Amino acid sequence: MARNPERRVLLADAGLRVLAAAGARGLTHRAVDAEAGVPTGTASNYFPSRGALLAGLAERIFERMAPDPAVLADLGRREPSLALATDYLRYIVERTTREPDLTRALFELRLEASRRPELRHALGDVLRRGYADDVAFHVAAGLPGGAFEVALLHYAVDGLLLDLLTTSIDAGFDVDQVVSALVFRLVGAAG
């Protein structure tokens, strides 16, 4: 198996672009090679099966979407308040919409994971780790509520992102207004 970490990242990023643009059906080793501008067969050297390719994309997407530790540290130094919870959720929405194709690729991976047990396991581990990190931040920051309220926020933000990045219901509400209302209604009620 090939061992060049930079080439692996190049191929995974190309795979995420293909996944976002063409969906899971369009994700092939050949399409990844073409998107990355590398010789045919290169992606197969790094990701020998479709399952390995999908798992590699699941791993890479969360590296790219990971929060900035400096931003988390700044937020973590603030006094507990609904304003802090709102700013944390705003940061999540900003981070996940900054590169819309990444979040679209994540939706594609989640759909594909519903059909592939091996991907379901790998992606599920990553999703649960992200949720646990959000709960840990919430608790460490002294915010009202706990794991249940963070889960509610995850469910709500997933729907918001789906609406923002796919065919929208076009309800006409400002995203910031929606984020503030979600925090107030889901976390504020627990305080």
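The values are calculated or read from the model by the stated rules, or taken from the named source; none is laboratory data. Note that this is a predicted model, so its numbers are computed, not measured. Every residue, glycine as well, gets a Cβ built from its backbone with ideal geometry; the counts of neighbours run over all protein chains shown. Heads up: the accessible areas ignore ligands, DNA and RNA and are worked out on the full protein's heavy atoms, side chains in. Shrake-Rupley method; radii C 1.70, N 1.55, O 1.52, S 1.80 Å.
Send over a whole-number figure in Å² for the accessible area per residue of the chain, probe 1.4 Å. Intermediate values should be presented prior to the final figure.
Working: 10180 Å² over 191 residues.
Value for the chain: 53 Å² per residue.
Measure out, as a whole number of angstrom, how far apart the alpha-carbon centroids of segment 30-52 and segment 61-121 sit.
Going from one Cα centre to the other spans 27 Å.
Once you put a point 7 Å from the Cα of Ala52 and another 7 Å from the Cα of Asp174, both along the Cβ direction, what distance in nm separates them?
Using points 7 Å along Cα→Cβ, the separation is 5.1 nm.
Take the solvent-accessible surface of the protein heavy atoms, probe 1.4 Å, and return the percent of it on the chain that carbon and sulfur atoms account for. Before the final figure, lay out the partial values.
Details: 5750 of 10180 Å².
Carbon and sulfur: 56 percent of the exposed surface of the chain.
Calculate the FRET efficiency for Ala132 and Thr40 from the Cβ-Cβ distance with a Förster distance of 35 Å, rounded to the nearest 0.05.
0.30
Using only the alpha carbon atoms of segment 4-82, find the Kirkwood hydrodynamic radius as the inverse mean reciprocal pair distance, in angstroms to one decimal. Don't jump to the answer; show the numbers that get you there.
Values: mean 1/r = 0.0722 Å⁻¹.
Kirkwood radius, segment 4-82: 13.9 Å.
Starting from the alpha-carbon convex hull of the chain, give the projected area averaged over all orientations, in nm².
Numbers: hull surface 46.0 nm².
That works out to 11.5 nm².
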